[in-house]
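Engineer: Following this message is one structure expressed as structure tokens.
Here, each number is a calculation from the coordinates, and none is a lab measurement. What you see is a predicted model, and the numbers here were worked out from it, not measured in a lab. Here the Cβ positions follow ideal geometry from the backbone for every residue, glycine too, while neighbour counts run over all protein chains shown.
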Amino acid sequence: MQHRVSLPIIRAANKMDTPTNTNRPVRGVWYGTVLPVAGLLVLPVCYVAAGVFLRAGAGPFWQWNLLDPAYWYLLDSLNLITGAPPGHMLHPGVTVHAIGAAVIGLATWGGGAAESVKTVLDEPEHYLRLLSSAYLMIAALVLWGLGMAARRAFGSYLSALACQCAPFMSSLVLKHGFLPKPEALLVSVTLALTALSILMLRDGLSVSERRRYVIAFGVVAGFGLATKVTAAPIFVLPVLLFPNVRTAILYALAGLIAFGLFMLPGIGAIDLFIDWMAHVAMAAGPHGAGAQTIIDPDAYPAAVLKILKRPALKVPLILAALTGVVVWVRRRGGLALPMMEVRGLAAISAAQILQILLVAKQPTAFYLIPSYMLAAPSILLSARLIWASRSAGWRLPVSGSVIGMLILAGFTVAQFNAVLKLDRHFKNTKLAARSVDDARFKQCARVFIYAASDQSLAFYLADRVTGYRFSADFKRRFPPNNYWVDDWYDQTRFELRNWDGRQDFQKVVAAYPCVYLRGTRLDGFLKSEAPDMSFDRRCSAGIEAVATLNIDCREGMRK
């Protein structure tokens, strides 16, 4: 696309060579490049700072509200380091395993695989924080790239900042963004997808430029699918931006190839992923439970409506629908509008709706993190299109930029308060979990059931879902009086275990002078395995129930 340059600009450019204008090129570089680049680093830095701040208040990763699935991915990263395939391939999460293995490998460089395993198991929390920081930094880097892409596409610093609000659109993004699990990487995937989509909205792209974007879209989609398949619907977004079917086919091929490449670290356990997908697809309930049908027609509509009540989804979708009506009316009146932006808004809304329809099968809030983040570009495009559709005679006492800055300032204040509120929630949860001290029951048989705040339980569950490959290591590291109730896949069947395997609860009770039990699923286990025993139930650690036998549970209460 050619642009005509006016004579005043040409004359100004020619004057740059005169001695009286020697500072202008430097000033132009400063205001035109340095300040915008630095300014677009503000929100990425805020994202990292918010993640580190929340992580500090949340407590250790083995705490009940954080243990699923941080330790899972830690052990599977170690599996890759030792040359074994991952044991937990259900999401499939291969990119999380691979990046974890790369970060741990670099951090423990030179010691060999066995030494790396020992080092990590000695200090698991340190390495989980390291992985958490890596995912935060990756997201911050991509967020900065999104800002640069938006400024290039829209020519507006304010529009770029609005796009960079994507990870702040819901507190759920911040709540899960610092955890070493797929959602942390999906933040980066969604940001990359948004950046490419915005660049595709520009007019005048050459055939070669479009082809490069198609390949880039395929790489992002392949990476996202290898991270978590619940994100699959958002990858329909590029298809609606492509000019023809041939381009869409190229995108699909690029995505499939990229998916295959990113899945290579987990190729040895690909059967686990395939079996799990088939199991989940043919059941109406979560994790393959419920009626053996794709959806439950009685529960599914209610689940969709419940999801749609979330402001991060409801607001952008309603605004997009209203924008569509305004655009239709104004175009019928002969007004020329940027149709690629209209197309982009429709594509984002379609991606959000498709993900809602998928996740409603198992309505879990954080599965929708990509759709929450797409709210930022959706609202921005709606605002731009409504502003472009205004009547020529419509005048306001302030400019559109001022209005945008005021909205952005209000959003910033609201999200700052949301971060503080989330931090208080984490700290209160941590205090509740620490209200009962497991260490004060050293003489007892200590039995943990999901989701007790205990590091041995976090390691047990991680070892269980990754194939019991580290049981011998953990047996040497934890006292022999620790036991776990396995009801992981079927919460109606209970199996007491230690590092050696299945154990008999009655024999365990007889072998120790007292028994200490803890977890959020305690009632079902006691009703099934010890209906006639009289347990002391006066203590609890937040939502974690505590029960003791032959010892006062209050002995473990912190003063």
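Engineer: How high is the relative contact order of the chain, in percent, with contacts defined as C-alpha pairs under 8 Å that are six or more residues apart? All intermediate terms of the calculation are to be shown ahead of the outcome.
Structural biologist: Details: 779 pairs, mean separation 92.4, N = 559.
It rounds to 17 percent for the chain.
Engineer: Arranged by the count of other C-beta atoms within 10 angstrom, fewest first, what order do SER116, SER371 take? Don't skip to the end; give the middle numbers.
Structural biologist: Details: SER116 22, SER371 29.
Placing the least packed residue first, the sequence is SER116, SER371.
Engineer: Calculate, in whole percent, how much of the Cα-Cα pair population of the range 455-559 lies beyond 22 Å.
Structural biologist: 33
Engineer: For HIS176, HIS425, HIS287, what's the fewest-to-most ordering of other Cβ within 10 Å of each Cβ? Provide the component values of the computation, followed by the final result.
Structural biologist: Working: HIS176 19, HIS425 16, HIS287 13.
Exposure proxy ranking, most exposed first: HIS287, HIS425, HIS176.
Engineer: If I take the Cα coordinates of the chain and project them onto the principal axes, what are the three extents in Å, biggest first?
Structural biologist: Projected onto the principal axes, the Cα atoms of the chain cover 95, 60, 48 Å.
Engineer: Based on alpha-carbon positions alone, could you give the equivalent ellipsoid semi-axes of the range 46-147 from the gyration tensor, as √(5λ), descending, whole Å?
Structural biologist: Rounded to whole Å, the semi-axes are 23, 16, 14.
Engineer: Based on the Cβ-Cβ distance of ARG469 and ASP298, what FRET efficiency does E = 1/(1 + (r/R0)^6) give at R0 = 60 Å, to the nearest 0.05?
Structural biologist: E(calc), rounded to 0.05, equals 0.90.
Engineer: Sticking with this structure for a sec: Label points 7 Å out from Cα along the Cβ direction at ALA113 and GLU209: separation in nm?
Structural biologist: With each label point 7 Å from Cα toward Cβ, the separation is 4.8 nm.
Engineer: Using only the alpha carbons of the range 255-349, determine the length spanned along each of the three principal axes and report them from longest to shortest in whole angstroms.
Structural biologist: Result for the range 255-349: principal-axis Cα extents of 58, 39, 21 Å.
Engineer: So for the range 475-519, Kirkwood radius off the Cα pairs, Stokes-Einstein at 4 °C and 1.567 mPa s: how many µm² s⁻¹?
Structural biologist: In µm²/s, the coefficient is 112.
Engineer: Angle check, please: helix 245-262 long axis (alpha carbons) against the longest principal axis of the chain (alpha carbons), in degrees 0 to 90, nearest 10.
Structural biologist: 40
Engineer: Can you tell me the order of 470-483, 122-135, 452-465 when each peptide is scored by its average per-residue count of other Cβ atoms within 10 angstrom, highest first? Working shown, then result.
Structural biologist: Details: 470-483: 15.4, 122-135: 18.4, 452-465: 24.0.
Ranked by mean Cβ neighbours within 10 Å, highest first: 452-465, 122-135, 470-483.
Engineer: If you don't mind, there's one more thing I want to ask. Counting Lys and Arg as +1 and Asp and Glu as -1, each charge on the Cβ, what is the dipole of the chain about the Cα centre in debye, to the nearest 20?
Structural biologist: 2460
Engineer: Put +1 on the Cβ of every Lys and Arg and -1 on every Asp and Glu Cβ in the chain; which of LEU128, LEU179, ILE353 then has its Cα farthest towards the positive end of the dipole?
Structural biologist: Final value for the positive-end residue is ILE353.
Engineer: List VAL52, VAL229 from most exposed to least, where exposure is judged by having the fewest other Cβ atoms within 10 Å.
Structural biologist: Going from least to most buried by this count: VAL52, VAL229.
Engineer: State the antiparallel share, in %, of DSSP beta bridges confined to the chain, rounding to the nearest 5.
Structural biologist: Antiparallel bridges: around 65 percent, rounded to the nearest 5.
Engineer: Suppose each label sits 7 Å from its Cα in the direction of the beta carbon; what would the TYR157-ALA252 distance come out to in nanometres?
Structural biologist: Placing both labels 7 Å beyond Cα along the Cβ direction yields 4.5 nm.
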